[in-house]
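Worksheet: one structure, shown below.
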Amino acid sequence: MVSDWETVIGLEVHVQLATRSKIFSGASTRFGAEPNTQACAVDLAMPGTLPVLNREAVHMAVKFGVAIGADIARVSVFDRKNYFYPDLPKGYQISQLDYPIVGRGEVEVALPDGSSKRIGITRAHLEEDAGKSLHEDFHGLTGIDLNRAGTPLLEIVSEPEIRSAQEAVAYLKQIHSIIRYLGISDGNMAEGSMRCDINLSLRRPGDEKFGTRCEIKNVNSFRFVDKAIETERERQADILEHGGSVKQETRLYDAERNETRSMRSKEVAHDYRYFPEPDLLPVHVSEELIESIRAGLPELPAQKVQRFRTQFGLGAYDAAQLAASRELAEYFEAAATGAGDAKTTANWVLSELLARINRDGLEISACPVAAASLGTLIARIQDGTISGKIAKTVFEAMWAGEGEPDAIIATKGLRQMADSGAIEQLVDDALAANAGQVEQYRATPADKRQRMFGFFVGQVMKASQGKANPQQVNDLLRNRLDGE
Amino acid sequence: MHDIALEAIGSALERREFSSVEITSHLLDRIERANGTLNAFVSVNREGALRAAAAADAARAKGASGPLLGVPIAHKDLFCTAGLRTTCGSRMLGEFVPPYDATVVERLGAAGCVTLGKTNMDEFAMGSSNETSYFGPVRNPWDTGRVPGGSSGGSAAAVAARLAPGATATDTGGSIRQPASLCGLTGLKATYGRISRHGMIAFASSLDQAGPMARSAADCALMLQVMAGFDTRDSTSLEAPVPDYLSLLDRPLAGLRVGVPREYFDPGLHPGTEQAVRAGLAELEAQGARLVDISLPHSPLSVPAYYVIAPAECSANLSRYDGVRYGYRCQDPVDLRDLYERSRSEGFGEEVKRRIIVGTYALSAGYYDAYYRKAQQIRRLIAEDFREAFTQVDVIAGPAAPATAFRFGEKSADPITMYLEDIYTIAANLAGLPAMSMPGGLVEGLPVGIQLIGNHLQEGLLLNVAHRFQQATDWHRHAPAFTA
Amino acid sequence: MTISENDLARVAELARIRLDPATVTEVTRRIGNILGMIDRMQAVDTSAVTPMAHPLDTVQRLRPDEVTEPNRRDDFLAIAPVSEAGLYLVPRVID
């Protein structure tokens, strides 16, 4: 039984830092350029070229460290990690082994059941990205594009404290959210700005010792992380159930087949022969720098969730959803200010707004409805100008670019009927036109009348073209139908 | 005309005694006649040199001036020269034409120097006899049956044979000082970080340092003045200001404390060489310097420590030569492994491969601590020895090489015998100190070098001592009988 | 310390150097001699000594985050042994 095993997961997340130039050279890091047009002599490992460290990459790493409450190394050291691969021009990757820039920290992740869990971060270190191998056929050869070579990466290593795919995805989303809040990465997984290696092993619950782990390389979406963990967990459980033993190896997740498989290229035992990079000196980070970065930090997701809960009385899950992206959280706050009712605003943002955003595949920054306009719309529900239902019609018009809510309400004549005499007339007309149903209604036992009551409400609302105040209609109908 | 030294050429050009084109073409013709015998040049830059000379003459006609404007020199073939083949003495780079200049080349070019050509060298600067060059050995103009020393043997032979008044060179374990000693020249290795390594093809990054080779200390001072200085493209480049070396040359030596390390007068030192070196020390004493007996107790360990550190660094530095982006690529590789192994095995010579293997071994799992870490600890002990010594003395003096130039094949059969050629020079590289060799006598018609080692950034003092010595002696004026 | 032919083969593979079978014995002997010479280091007790990775006791300088390198693809590809469509070509890479 698969459930007899405890899953132990540690994640290594590679985050591309959003610097303009590369970590050790002045070449551009822009995504999507023509092959090798952004690979300078340093990136190509031309003879005699030397690395010079990008200040912004260091600052971004420190920012991340401060944000997760980690120890920042006052002195960190770059090392050479030696291996041959065509996308690695120098034959070594400049990375950090023994003295990473960011030490031990932790993040708190919100789980869908409303609980939360703290997950330790062992370390985060700076390193350079490799280029790309393009496997389209060039007469049986592989093409190498080195534009990406030298792009700064922050490798964030978690403790093996993750116990399920769900926790892994929640952790990744939290990291994603933090790096986006900090503005140190665009976190775009489709473009490879954030990639994940999964270390997974199984053990019997209660065991102290970890089982033999496999590493699944380069998984590049939340969904694939979820599926890769599930399938790998099943694979290992199956081996162990049949008395076998898991072989420690590097595997690749094949999304099409939803399975992991051994990587042939990694079969040769690695011996990376790390040693201190002699072309770079130890990196010093001063107390003043750390303090100035700390002072400049934005409010982070966890703090925002807390504030949304206390300030606006939102539930934990709603607050976490709104705070997941800095842009969405800012949108929500701006709209809530105009609306004067944060809970209603939260509902609108999480349902109506996000549904359309997702439907149209938009970023929140490209949303056609400004936060202030949504706030006004919600305010109009609150002050009784329109009903919640009419508001959806207005919102649709706003989305279509037809203007501000007040203008739309005015031009389309959507203002709620305030004249109670006119509503009374509509109610009386409806009852008169449906005398048979009235009789039937009165013959029905009180506890079974609800559905029929809805029929009369519908008739009146229809006659008012939706502009009657539903509450008023309800009250009048109750009075007329049940009051005698 | 060719017997005029570097400084004098500059003055003669200034006085319009001859033009840059005249001296340049004279030397080019001389190179053409001599190179068949000496093999000092891998590439002769006839067209480029004459063009640069004409430009220098034109600039001078328009009022420009400068001590190096229009002065022809040679570059060791590991300084990248844009558009001019740079081989590093290797088949691997046999056809390599860099699209950029080394900083040293750029700076000397900007000062008006004319590049006559690229000088032969031990492959990737690994050797002490110039016998490991893919382009064949260089012959010593003092005795063409003997080696010029190495690895800057081509630069040494070219200057000694009056094919160039000065040349650039590099020194990782003695590659400027030992050939300067064997060819009767003045050569200086600067403080680590004093001269930019950008564009200088790396052998061992934490040891490599450039310097000038010429006939006198004054000529070296002229070249160093231009070569030294901060460069943003080299992280290990020092930001310290460059003193006016020429103005420091004439200071009297009275009261100067000259340390004479006991360990440098070991049984491995040839008696004739010792006699010459002692006579040179007596001359310094005669000028008022005080000789102080000192000990550098760990210096006997410099050779073993060096032969771990240098190969370890080179094993990584030379991984970039993989037949993919530039350089030698084997014919019809069957797969990626074949491409790597055959390109590297066919592209590199025996000594280079031997050092790559030793270095890879020293860094490999299980051996790192016993070899690499141990060597870096010994390195500190050696540096501490010097630090201690420089609390008692201003400069250290001793032999540059154990003996005069040896015959071809005499030491190439046994790598360890060859490695001991650098026994007195390696320590300065491990400690990053400036050091030079100046002619101090002749033994059986062959030159002997006296080595001077200074504290960090004391190039000015070293040149001062050498210059005063050269004011009182004429060893540096002796020329080989070689006729071009 | 000496090195076995097996160790030598493993190291050569790591370094992507192909050894000529005819010379393996001789190469092993020579490298063994070098390692023997290097082993003289072991006579010194360095347990209290901090390894020295750099000859200078200085700190890494940081570069401003600016794009300073223009596109020079044509210059670089011109010296590549095999290239096509702006790419460097190598024998098929298998993951």
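For chain B, what's the relative contact order in percent, using C-alpha pairs closer than 8 Å and at least 6 residues apart?
18 percent.
So how tilted is helix C:5-14 from the main axis of chain C? Cα-based, degrees 0 to 90, rounded to 10.
That works out to roughly 20 degrees.
Rounded to two decimal places and with Rh computed the Kirkwood way over Cα pairs, what is Rg over Rh for the stretch A:2-292?
0.97
Please go through the stretch A:138-236 and write out the trypsin sites (Lys or Arg not before Pro) that DSSP classes as loop and that have at most 12 other C-beta atoms within 10 Å.
For trypsin sites (Lys or Arg not before Pro) across the stretch A:138-236 that sit outside H, G, I, E and B with at most 12 neighbouring Cβ atoms in 10 Å, the list reads A:K209.
Determine ³J(HN,Hα), in whole Hz, for all residues of the stretch A:15-23 in sequence, where each value follows from phi through the Karplus function 6.51 cos²θ - 1.76 cosθ + 1.60 and θ = phi - 60°; x replaces Gly and Pro.
Once θ is set to phi - 60°, the couplings for the stretch A:15-23 become 10, 6, 7, 7, 7, 6, 10, 6, 5 Hz.
Using the heavy atoms of the protein chains alone and a 1.4 angstrom probe, what is the accessible area of chain C per residue in square angstrom?
Heavy-atom accessible area per residue stands at 51 Å².
Tell me, what ³J(HN,Hα) does each residue in the stretch B:44-50 have, in order and in whole Hz, if you take phi through Karplus 6.51 cos²θ - 1.76 cosθ + 1.60 with θ = phi - 60° and put x for Gly and Pro?
Those phi angles translate into 10, 9, 4, 4, x, 5, 5 Hz.
Note down the accessible area of B:Y328, probe 1.4 Å, to the nearest 10 Å².
40
Relative contact order (percent) for the stretch A:2-292, with alpha-carbon contacts under 8 angstrom and 6 or more residues of separation?
25
Using alpha-carbon pairs under 8 Å, 6+ residues apart, how would you state the relative contact order of the stretch A:299-411 in percent?
Reported relative contact order: 21 percent.
Chain pair A, B: how much accessible area is buried, both chains summed, with a 1.4 Å probe, in Å² to 100?
Its buried surface, counting both partners, is about 2700 Å².
Using a 1.4 Å probe on the protein heavy atoms only, what accessible surface does B:V44 show? Give it in Å² to the nearest 10.
It works out to around 70 Å².
Just to confirm the number: angle between the C-alpha axis of helix A:165-182 and the first principal axis of chain A, 0 to 90 degrees, nearest 10?
90
Say the cut-off is 20 Å between C-alpha atoms; which of A:K173/A:K304; B:K76/B:K189; A:K343/A:K467 go over it?
Pairs exceeding the cut-off: A:K343/A:K467.
Find the eigenvalues of the gyration tensor of the Cα atoms of the protein assembly as shown, then list the square roots of 5 times those eigenvalues as equivalent ellipsoid semi-axes, largest first, in whole angstrom.
74, 31, 26
Would you kindly calculate the translational diffusion coefficient of the stretch B:148-301, applying Stokes-Einstein with the Kirkwood radius from alpha carbon pairs, for 25 °C and a viscosity of 0.890 mPa s, and quote it in µm² s⁻¹ without decimals?
144
Tell me the carbon and sulfur percent of the accessible area for the stretch B:20-111, rounded to whole percent, probe radius 1.4 Å.
With neighbouring chains kept in place, the figure for the stretch B:20-111 is 51 percent.
What Kirkwood hydrodynamic radius, in Å, does chain B give when the mean of 1/r is taken over all pairs of distinct Cα atoms and then inverted?
That comes to 22.0 Å for chain B.
Which angle between 0 and 90 degrees, to the nearest 10, do you get for helix A:388-399 versus the longest principal axis of chain A when only C-alpha atoms count?
50
Show me the trypsin sites (Lys or Arg not before Pro) within the stretch B:60-166 that DSSP assigns to loop and that have at most 14 other Cβ atoms within 10 Å of their Cβ.
Filter output for the stretch B:60-166: B:K62.
How much of the accessible area of the stretch A:2-292, probe 1.4 Å, is carbon plus sulfur, in whole percent?
Carbon-and-sulfur percentage of accessible area, whole number: 46.
What quantity of accessible surface, computed with a 1.4 Å probe and excluding non-protein components, is buried in total between chains C and A, in Å² to the nearest 100?
Separately minus together, C and A give about 4100 Å² buried.
Roughly how big is the stretch B:389-484's charge dipole about its Cα centre, with Cβ charges of +1 (Lys, Arg) and -1 (Asp, Glu), in debye to the nearest 20?
Approximately 160 debye in magnitude.
Per residue, how large is the accessible surface of the stretch A:77-155? Use a 1.4 angstrom probe and give square angstrom.
Accessible area per residue: 32 Å².
Over the heavy atoms of B:F230, what accessible area does a 1.4 Å probe trace out, to the nearest 10 Å²?
The accessible area of B:F230 comes to roughly 70 Å².
Positive end of the charge dipole of the stretch A:2-292 (Lys, Arg +1 and Asp, Glu -1 on Cβ, about the Cα centre): tell me which of A:L134, A:A255, A:G244 has its Cα farthest that way.
Of the listed residues, the answer is A:L134.
Quick check on the stretch A:28-82: take the gyration tensor over C-alpha atoms, sort the square-rooted eigenvalues as a ≥ b ≥ c, and tell me if it's rounded (a/c under 1.5), prolate or oblate.
Judged from the Cα gyration tensor, the stretch A:28-82 comes out oblate (a/c at least 1.5, b/c at or above a/b).
Per-residue mean of other chain beta-carbon atoms within 10 angstrom of the beta-carbon, peptide B:199-211?
Average per residue, whole number: 3.
May I ask which residue of A:G338, A:S365, A:A355 lies farthest towards the positive end of the charge dipole of the stretch A:331-441, with charges of +1 (Lys, Arg) and -1 (Asp, Glu) on Cβ and the Cα centre as origin?
The one lying farthest along the dipole's positive direction is A:S365.
Roughly speaking, what % of Cα-Cα pairs in the stretch B:233-392 are separated by over 29 Å, rounded to a whole number?
Roughly 48 percent, once rounded to a whole number.
Return the Cα extents of the stretch C:35-95 along principal axes one, two and three, sorted largest first, each rounded to a whole Å.
Largest to smallest, the principal-axis extents are 58, 37, 26 Å.
What's the extension gain from A:E327 to A:Q465 if we count 0.36 nm per residue and subtract their Cα-Cα distance?
Contour length minus Cα-Cα distance gives 46.0 nm.
Treating only the Cβ atoms of Lys and Arg (+1) and Asp and Glu (-1) as charged, compute the dipole magnitude of the stretch A:420-482 about its Cα centre; round to the nearest 20 debye.
220
In straight Cα distance, which lysines are under 25 Å from A:K247, not counting same-chain residues fewer than 8 positions off?
Straight-line reach from A:K247, under 25 Å: A:K81, A:K209, A:K217, A:K227, A:K266.
Anything losing 40 Å² or more of accessible area from the isolated chain to the full protein assembly: pick those residues out of the stretch B:318-333, probe 1.4 Å, ligands and DNA/RNA ignored.
So the qualifying set is B:S319, B:R320, B:V324, B:R325, B:Y326, B:R329.
Note down the magnitude of the dipole of the protein assembly as shown about its Cα centre, charges +1 on Lys and Arg C-beta and -1 on Asp and Glu C-beta and zero elsewhere, to the nearest 20 debye.
Charge dipole of the protein assembly as shown: 440 debye, to the nearest 20.
Excluding ligands, DNA and RNA, what is the solvent-accessible area per residue of chain B at a probe of 1.4 Å, expressed in Å²?
Value returned for chain B: 28 Å² of accessible area per residue.
Along the positive direction of the dipole of chain A (beta-carbon charges: Lys, Arg +1; Asp, Glu -1; about the Cα centre), which of A:T151, A:Q425, A:T122 reaches farthest?
Ranked along the dipole, the leading option is A:Q425.
Give a quick list of GluC sites (Glu not before Pro) in the stretch A:139-228 that DSSP marks as loop, anything other than H, G, I, E or B, with at most 14 other Cβ atoms within 10 Å.
In loop regions of the stretch A:139-228 (DSSP not H, G, I, E or B), the sparsely surrounded GluC sites (Glu not before Pro) are A:E191, A:E208.
Separation between the C:N71 and B:A282 pseudo-spin-labels, each 7 Å from Cα along Cα→Cβ, expressed in nm?
7.1
Could you tell me the total accessible area buried at the B-C interface, probe 1.4 Å, in square angstrom to the nearest hundred?
Chains B and C together bury roughly 5400 Å² of accessible area.
Determine, for each peptide in B:365-376, B:399-410, the mean count of other beta carbons within 10 angstrom over its residues, then list the peptides with the highest first.
B:399-410, B:365-376
The values are calculated or read from the model by the stated rules, or taken from the named source; none is laboratory data. The model shown is predicted, which means the values in this text are computed figures rather than measured ones. Cβ coordinates were reconstructed from backbone atoms using ideal geometry, including for glycine residues, and neighbour counts include every protein chain displayed. Remember, those area values only see protein heavy atoms, side chains included, never the ligands or the DNA or RNA. Shrake-Rupley method; radii C 1.70, N 1.55, O 1.52, S 1.80 Å.
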